[in-house]
Amino acid sequence: LAFLSACDAALGDYDTPDEVIHLAAGLQFAGVKSVVGTLWKVNDSTVQRLVKAFYKNFCGDDKMNSKRAARALHKAVQSLACDKDMPLEQRVVFMHIDI
């Protein structure tokens, strides 16, 4: 698993929109089975809250399993949805890519 919390980690190049190679995809080509990335800029406080919720769900039994990444991300995003002051674009910025 690779968790990329940097901005635009799963966004391609604007000059070549038909190319799907971005940092997240590059990691998959290098052999990483499961990658979480961002599609645009995200606030540090949002990342901190989401990562904490993600790993709580991902490592619930003290074992890491990349097959649980999608569900862990879904639950983490749901936990952010309770905060009505957080803009929607900050809650939906993360994506999961799996082979």
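The values are calculated or read from the model by the stated rules, or taken from the named source; none is laboratory data. In this text the structure is predicted, and so the values were computed from the model without any measurement. Every residue, glycine as well, gets a Cβ built from its backbone with ideal geometry; the counts of neighbours run over all protein chains shown. Areas reflect the complete protein model, heavy atoms only, side chains present, ligands, DNA and RNA absent. Shrake-Rupley method; radii C 1.70, N 1.55, O 1.52, S 1.80 Å.
Overview of results
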item: Answer residue from the stretch 16-35, given it is small (Gly, Ala, Ser) and out of contact with any Leu (no Cβ under 7 Å at 6 or more places or on another chain) and is least open to solvent (accessible area, probe 1.4 Å) among those; result: Ala25
item: Hey, Val20 part of a loop (DSSP other than H, G, I, E, B) and either touching a Cys at 6+ places or on another chain (Cβ under 7 Å) or modelled with pLDDT under 75 (or both) or not; result: yes
item: Residue under evaluation Met64, criteria (1) within 13 Å of Phe3 (Cβ to Cβ); (2) among the hydrophobic types (A, V, I, L, M, F, W, C); (3) touching a residue at least 60 places away in the same chain (Cβ under 8 Å); (4) in contact with a Ser or Thr (Cβ under 9 Å, 6 or more places away or on another chain), criterion not met; result: (4)
item: Filtered residue count, the stretch 87-99, keeping only those that are open to solvent by less than 80 Å² (accessible area, probe 1.4 Å) and in a helix (DSSP H, G or I); result: 2
item: Single match in Gly60, Gly37, Gly31 (criterion: farther than 17 Å from Ser79 by Cβ and over 12 Å from the mean Cα position of the chain (by Cα)); result: Gly31
item: In the stretch 36-58, the residues that are assigned to a loop (DSSP other than H, G, I, E, B) and open to solvent by 40 Å² or more (accessible area, probe 1.4 Å); result: Leu39, Trp40, Lys41, Asn43
item: Near pairs, Cβ below 7 angstrom, 6+ apart or cross-chain, from the stretch 26-47 (within 30 Å of Asp83 (Cα to Cα)) to any residue that is among the acidic types (Asp, Glu) and open to solvent by 70 Å² or more (accessible area, probe 1.4 Å); result: Ser34/Asp98
item: Residue list for the stretch 59-86, filter: in contact with a helix residue (DSSP H, G or I) (Cβ under 9 Å, 6 or more places away or on another chain), open to solvent by 60 Å² or more (accessible area, probe 1.4 Å) and closer than 21 Å to Trp40 by Cβ; result: His74, Gln78
item: Residue tally, condition hydrophobic (A, V, I, L, M, F, W, C) and modelled with pLDDT of 90 or more, over the stretch 37-57; result: 4
